[in-house]
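Student: Would you mind keeping the following structure in view while I ask a few things?
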Amino acid sequence: MKKKEKRTELSEIGEFGLIDKIRKNVETFNKSTIKGIGDDAAVIAFPAPNDSLYKKSNKQSKEHGNLSPLSPRVTRGGQSRDKLLLFSTDMLVEGIHFDMAFTPLKHLGYKAVVVNISDIAAMNGIAQQITVSLALSNRYSLEAIEELYEGIRTACKNYNVDLVGGDTTSSVSGLIISVAIVGTVEKENISYRNTGKKNDLICVTGDLGGAYIGLQLLEREKQVFLDNQDMQPELEGKDYVVKRQLMPEARTDIIYELKDLNIVPTSMIDISDGLASELLHICNSSKVGAKIYKEKLPIEKSAYETAVEFKLDPTTCMLNGGEDYELLFTINTSDFGKIKNHPDITTIGHLTEKKSGVNLITKEGNMVEVKAQGWEHF
Ligand code: ADP
Ligand code: MG
């Protein structure tokens, strides 16, 4: 009889536990791989320190006499050798990341590109090229896919990114859209997740919670419609949160501004899973703790009001909502003067020693441990 094999449910280890398992068993073989699994994008040296080129040219010199080996540091096509290549991918799955009942395909195409640009921004980089891969069920028509690509093209135009390829296949149920992206960053400007230092200030761009509150609203309206198809959606005065959910933007503008201000964040991540989860990623990988102040967390007025209307705690929406695609970064205290009056950057706390943990401080001075409650797909 076959011995019963051990079976671990993915729900036991969660998404991040799974990624960690994968990461631990992955070896890299190329000198050009500067950063593999574990940040918002992989970091690749280019022009690559090309071992195989070396080997080939060594062989050539044997075969053809006196040819000197090509230098691995040779600069090609006028590219500066001081830049690094960033490479990332993100996938959106029908029924998990989007609901066709309230997601226009144009918006979906736009969002699929933007969430990838946001990961490049999170490394302090600028996106340049994408590929788009689709798995489609026969529920989708040519007209539907044209609409999806209208959104993709609009995002490419807005962010100056080129669509350079992809893959198309069929799916038994629903739509899957997977985007891969490359970008660049100057070597001295790159921001990783694991380089935050004690006393650094924690900053966040824009406002938080809106995308999650928008999702709650869209789900409620869908339910109302399913219960009574004569009902029209009540979205008046809610355009901000709806837009935050359906058509987020990547904060490339802040990347340019930080450059102008001569600030290189000591660490950075984009907020896809919620402030709490992302702050824990920075703290765990930088081996530091953090204090953030509840009163400082930024929320937009209509998002706050809608949260209250839905009997949701606005702070929980900001901490755990996710999909805001704002940037969470840390800066050296000496840079505070440069951003303290910036209308779109809020300082929400500072990094501490690891042993103090990651905590939210309330107005009354109470300390609450920050826990990750990002999306659990499994
Ligand atoms: P983000 O939310 O910024 O897109 P993720 O949480 O999806 O980041 O991924 C964290 C890290 O794990 C990234 O470096 C990503 O490339 C890597 N990663 C995610 N899934 C896999 C996988 N299936 N195999 C290898 N690496 C993965
Ligand atoms: Mg990210």
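The values are calculated or read from the model by the stated rules, or taken from the named source; none is laboratory data. Treat the numbers as computed from the prediction; the structure is a model and nothing was measured. Please note: Cβ atoms are built from the backbone with ideal geometry, for glycine as well, and neighbour counts cover all protein chains shown.
Student: If the requirement is being within 20 Å of the chain's Cα centre (by Cα), within 30 Å of Ser285 (Cβ to Cβ), assigned to a loop (DSSP other than H, G, I, E, B) and of a type outside the set (S, T, N, Q), which of these qualifies: Ile177, Ile117, Ile96, Ile130? Step through it out loud before you land on a result.
Tutor: Working: Ile177 fails: assigned to a loop (DSSP other than H, G, I, E, B); Ile117 fails: assigned to a loop (DSSP other than H, G, I, E, B); Ile130 fails: assigned to a loop (DSSP other than H, G, I, E, B).
The conditions single out Ile96.
Student: So in the range 21-38, with the set limited to residues that are among the charged types (D, E, K, R) and in contact with a helix residue (DSSP H, G or I) (Cβ under 8 Å, 6 or more places away or on another chain), which one is farthest from ligand 1 (Cβ to nearest atom)?
Tutor: Going through the range 21-38, the residues among the charged types (D, E, K, R) turn out to be 21, 23-24, 27, 31, 35.
This time we only want the ones that are in contact with a helix residue (DSSP H, G or I) (Cβ under 8 Å, 6 or more places away or on another chain), so: 21, 31.
Details: Lys21: 10, Lys31: 19 Å.
Among those residues, the one meeting the criterion is Lys31.
Student: Contact list please: Cβ distance under 7 Å, first residue in the range 12-26 and under 15 Å from Gly36 (Cβ atoms), second residue of a type in the set (Gly, Ala, Ser) and within 16 Å of ligand 2 (Cβ to nearest atom), pairs at least six apart or on different chains.
Tutor: Filtered contacts from the range 12-26: Arg23/Gly38; Val26/Gly36.
Student: Would you point out which residue out of Gly237, Gly196 is of a type outside the set (A, V, I, L, M), touching a Ser or Thr at 6+ places or on another chain (Cβ under 7 Å) and surrounded by fewer than 17 Cβ atoms within 10 Å (Cβ to Cβ)?
Tutor: On the way: Gly196 fails: surrounded by fewer than 17 Cβ atoms within 10 Å (Cβ to Cβ).
When all the criteria are applied, what remains is Gly237.
Student: Any idea which residue in the range 28-58 is nearest to ligand 2 (Cβ to nearest atom), counting only those that are at pLDDT below 95 and loosely packed, with under 12 Cβ neighbours inside 10 Å?
Tutor: Ser52
Student: Which members of the range 75-114 meet the condition of being under 20 Å from Lys35 (Cα atoms) and either modelled with pLDDT of 95 or more or not small (Gly, Ala, Ser) (or both)?
Tutor: Let us first name the residues in the range 75-114 that are under 20 Å from Lys35 (Cα atoms), namely 80-90.
Within the range 75-114, Arg81, Asp82, Lys83, Leu84, Leu85, Leu86, Phe87, Ser88, Thr89, Asp90 qualify.
Student: With the checklist (1) exposed (fewer than 15 other Cβ atoms within 10 Å of the Cβ); (2) not in a helix (DSSP H, G or I) in hand, flag the one item Ala250 doesn't pass.
Tutor: (1)
Student: Here's another thing I want to ask about it. Any chance the range 188-210 includes a residue that's on the phi > 0 side of the Ramachandran plot and in contact with a strand residue (DSSP E or B) (Cβ under 8 Å, 6 or more places away or on another chain)? If you could, list the steps in order and put the result at the bottom.
Tutor: Of the range 188-210, the ones on the phi > 0 side of the Ramachandran plot are 199, 206, 209.
This time we only want the ones that are in contact with a strand residue (DSSP E or B) (Cβ under 8 Å, 6 or more places away or on another chain), so: 199.
Among the residues of the range 188-210, at least one is on the phi > 0 side of the Ramachandran plot and in contact with a strand residue (DSSP E or B) (Cβ under 8 Å, 6 or more places away or on another chain), which makes the answer yes.
Student: Among the residues of the range 210-239, write down those that are modelled with pLDDT under 95, within 17 Å of Phe98 (Cβ to Cβ) and among the polar types (S, T, N, Q).
Tutor: Hit for the range 210-239 is Gln223, nothing else.
Student: Please go through the range 261-297 and give me each residue that is surrounded by fewer than 17 Cβ atoms within 10 Å (Cβ to Cβ) and within 22 Å of the chain's Cα centre (by Cα), ordered by number.
Tutor: Residues satisfying the conditions are Asn284, Lys287.
Student: I've got another one for you. Residue check: is Lys355 charged (D, E, K, R), on the phi < 0 side of the Ramachandran plot and not in a loop (DSSP other than H, G, I, E, B)? Don't jump to the end; show me each part of the working.
Tutor: Numbers: charged (D, E, K, R): yes; on the phi < 0 side of the Ramachandran plot: yes; not in a loop (DSSP other than H, G, I, E, B): yes.
So Lys355 fits the description; yes.
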